[in-house]
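Report on the following structure.
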Amino acid sequence: MDGIDPDFEGRVLVVANRLPMTIKPKDDGEFEYSISSGGLVAGMKGLAKVVDFKWFGWPGIEVHRNDKDKVRLHLADNFNAVPIFLSNDLAEKHYNGFSNSILWPLLHRMPEKAGSETDWSKAYQEVNEIFADNILPYVEDNDMIWVHDYHLLLLPGILRDRLKKKKNLKIGFFLHTPFPTEDYFTILPFREEICKSLLMCDVVGFHTNQYAKDFLDSARIVLPGVARSPMDLHWAGRRVLVHGFPLGIEADEWREKLETEAAQSELASIQQQFKGQKILLGVDRLDYIKGIPQKLQAFDRFLTEHPEWVGKVVLIQLAIPTRADVDTYRVLREEVEQLVGRVNGKHATFKYTPVHYLYRSIKPDLLSALYAAADVCVISSVRDGLNLVSYEYVACQGKKKGVMMMSNYVGAMKTLPPSSMVVFNPWDTLRFAEKINQALNMGEEEREKRYKEIMKIVDTWTSAKWGKIFLETMMEGEIPKNVGMPD
Ligand code: ADP
Ligand code: G6P
C-alpha cells in the first residue's frame, strides 16, 4: 500500500492512552516489554505501513523517577514512542475510574455498570492536561495530531486552545467504541466540554456512520447553535467533518503468521486433541460488553436441546485479562467462571469437557492456529464498537471456511455482509442456541460462498487503508466517496 500524500510536509503524532507495549517491572530492576492487546493497538499496526508516526501514551505503570530516562530511551529507540508518566493515584482515577467506570459503560449504553465518584472527573481533566503538556514541545505548524479513544476526549480542545498560533496544525479524533444515542450521551458528566473539545478537531471519526450520526445529534442537543449539513458540523466559525471510518486488519499478516512453523505445530496439536469434534471459538477480552455469559448460556441450552451433539462439539473460550482492578470486571470474572463450571458439570463425561476456558493472554501463533482450527467463531457482544476478532478469524480460515456467528449489536454488522453470517440476538438464549445448531450443520458449498463474500471485505478494507483514508481526509478537508461502508 502506498504511503500518504507525498506533498505532506509535516509529521503525524498519534496520541492514545494505551501504548503498543505494556511494561512490567522485573525482579532484577529492569523492565519487561510485551505487546499490548486490544483493537486500538491492532489497528495502529496498519497505520505504521503508510506513515511513520510518533506515539504518545501512558506506560501502564508508575515509573520511579530514577527509571524514567531508561524507559524513555527504550521506547524512543524501539517503538518511536513517548511515555507520558502518571502517578498511580492519578492513573487509577483516570483509567480505572472515569474512563473505565463511567465513560466505557455509558458509551456502551450500560449506565447500570457505571460507578460514581466525584474525584474521578477531576483526575480525568488533569490527565488530559498532562497529555497536552507533554505533547506541546513536539508540535510544529504543519503536523497532524491524531488523538484516539475515550480516555482523551478533552485533549483536542486543550491542544487547539494552547496551539492557537499554529494555523496549519490539523487535529483529528477517532473513537474506538460505539457512540451512544443522545439519551445515554446526555447522562455523561462533561457532555458539554466533550462536544466542545471534539468540535475543535478537523475530523472526528467513528467505526460506523450510525455512531457518527448519533454524535451529530447529541452535539446539536448539548450545544445550541451547532449547525449540521449533513455529515459535518459548523460551530464557532469552524467546520468539522464527522464520519464513519471502519477499522480493519492486515489479513496478509495473519495468513503469514499462520504459515509459521510455530503456528502450524500448534494447529496440528489442536486438531489432534479435538479430532472428531467440532470447535466453536470465542476470543474476547473479559469485558461485560462481550456477552460471554450469554454465549455460555446459549451453549448450555444448545447441548440440552440437541443431545446428539454432546461429545461432538466443544466451545473454546479465551478470556483475555483486562481492567482487573475495576469491580464490574471482577464480578464478571466470577460469573463467567461459575457458568463455565455449571455447563461443564452438567454436560461433561469422563472423556468429554464441553467448555475449554482459558483466562490468559496467548501468543499470536497459538491464536492464529485456534482461528484456523475453529469451525465456528461466536461473536456474542451485547455492544461492541467494531470487533476485529471477527476479521482475524476469517483471515485464518483459508482452508476450513468456517462459519461466522455475529450478534446484532456489533459494529462489524455494518461493515461485513450480514447475509454471509449467522446473525443472532445474544439475549434470546433459545434462538441463539438454534443458530449454533444451524452454524454447525451448514454445508460446505454454503460455507465457501459466505467465506468468500466476507473475505473480500476483510482483504479490501485493511487497517492500513483506514489510517490512510483518515489522514488524507484531515489533509484534504473532504471525506472520500467510499470509506469502506455500505450505508
Ligand atoms: P477490543 O478492542 O474490545 O479488545 P477487538 O476484537 O476489536 O476488541 O480487538 C481485540 C484485539 O486484541 C484483536 O486484534 C486480537 O487479535 C487482539 N488480541 C487478542 N488476544 C491477544 C493477545 N493475547 N495478545 C495481543 N493481542 C491480542
Ligand atoms: C478497547 C478500547 C481501546 C483499548 C482496548 C484494550 O479496544 O477501545 O482503547 O486500548 O480496548 O483495553 P485497555 O484498557 O487494556 O487499554
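The values are calculated or read from the model by the stated rules, or taken from the named source; none is laboratory data. It should be emphasised that the depicted structure is a prediction, and the values quoted were computed from it without experimental measurement. Virtual Cβ from ideal backbone geometry, glycine too; neighbours counted across all protein chains shown.
A few remarks follow.
- Meeting the requirement of 2 or more residues that are closer than 20 Å to I320 by Cβ, the helices (runs of 4 or more DSSP H) wholly within segment 10-119 are 39-50, 104-107.
- Elements of type helices (runs of 4 or more DSSP H) contained in segment 243-342, each with 3 or more residues being farther than 20 Å from H356 by Cβ and within 16 Å of ligand 1 (Cβ to nearest atom): 251-259
- Of the set (1) assigned to a loop (DSSP other than H, G, I, E, B); (2) more than 16 Å from the chain's Cα centre (by Cα), all apply to G345 but (1).
- Answer residue from segment 328-346, given it is hydrophobic (A, V, I, L, M, F, W, C) and more than 16 Å from ligand 2 (Cβ to nearest atom) and is nearest to S381 (Cα to Cα) among those: V336
- Residue match in segment 51-73 (condition: within 26 Å of P189 (Cα to Cα), within 16 Å of ligand 1 (Cβ to nearest atom) and touching a Leu at 6+ places or on another chain (Cβ under 8 Å)): yes
- Members of segment 372-388 that are more than 9 Å from ligand 1 (Cβ to nearest atom) and either within 11 Å of Y409 (Cβ to Cβ) or outside any strand (DSSP E or B) (or both): A372, A373, A374, D375, S380, V382, R383
- Pairs meeting the criteria (first residue in segment 352-365 and under 22 Å from C396 (Cα atoms), second residue within 16 Å of ligand 2 (Cβ to nearest atom) and of a type in the set (A, V, I, L, M, F, W, C), beta carbons under 6 Å, at least 6 apart or on different chains) are L358/L318; S361/I320.
- Of all residue pairs spaced 6 or more apart or on separate chains, those with beta-carbon atoms under 6 Å, a first member in segment 392-404 that is in a loop (DSSP other than H, G, I, E, B) and a second member that is among the aliphatic types (A, V, I, L, M) and modelled with pLDDT of 95 or more are C396/L258; C396/A372; G402/A374; G402/V376.
- Residue within segment 53-63 that is over 19 Å from the mean Cα position of the chain (by Cα), at pLDDT 95 or above, surrounded by fewer than 23 Cβ atoms within 10 Å (Cβ to Cβ) and within 19 Å of H176 (Cβ to Cβ) present: yes
- Flag for S381 being under 22 Å from F302 (Cβ atoms) and among the polar types (S, T, N, Q): yes
- Residues that are small (G, A, S) and within 14 Å of ligand 2 (Cβ to nearest atom) were ranked within segment 306-327; the one that is farthest from the chain's Cα centre (by Cα) is A324.
- Of all residues in segment 233-260 being of a type in the set (G, A, S) and exposed (fewer than 14 other Cβ atoms within 10 Å of the Cβ), the one that is nearest to D214 (Cα to Cα): A236
- Among the conditions (1) within 27 Å of D459 (Cα to Cα); (2) away from ligand 1 (no atom under 16 Å from the Cβ); (3) not aliphatic (A, V, I, L, M), the only one that E9 does not satisfy is (1).
- Candidates G341, G311 - the one that is among the small types (G, A, S) and closer than 17 Å to P293 by Cβ: G341
- Tallying residues that are farther than 16 Å from V203 by Cα and part of a helix (DSSP H, G or I) within segment 127-156 yields 13.
- Residue that is farthest from the chain's Cα centre (by Cα), among those in segment 469-487 that are within 20 Å of I457 (Cβ to Cβ) and at pLDDT 90 or above: I469
- Considering only residues in segment 135-179 that are of a type in the set (K, R), farther than 24 Å from N209 by Cβ and at pLDDT 95 or above, the one that is nearest to ligand 2 (Cβ to nearest atom) turns out to be R160.
- Within segment 5-23, considering residues that are among the charged types (D, E, K, R) and out of contact with any helix residue (DSSP H, G or I) (no Cβ under 8 Å at 6 or more places or on another chain), the one surrounded by the fewest Cβ atoms within 10 Å (Cβ to Cβ): D7
- Per the listing D183, D214, the residue uniquely within 24 Å of K414 (Cα to Cα), surrounded by fewer than 20 Cβ atoms within 10 Å (Cβ to Cβ) and without any contact (Cβ under 8 Å) to a residue 24 or more places away in the chain is D183.
- Residue under evaluation Y33, criteria (1) within 13 Å of ligand 2 (Cβ to nearest atom); (2) touching a helix residue (DSSP H, G or I) at 6+ places or on another chain (Cβ under 8 Å); (3) modelled with pLDDT of 90 or more, criterion not met: (1)
- Selection of segment 362-394 for residues being small (G, A, S), more than 16 Å from G38 (Cα to Cα) and surrounded by 24 or more Cβ atoms within 10 Å (Cβ to Cβ) yields A369, A372, A374, S380.
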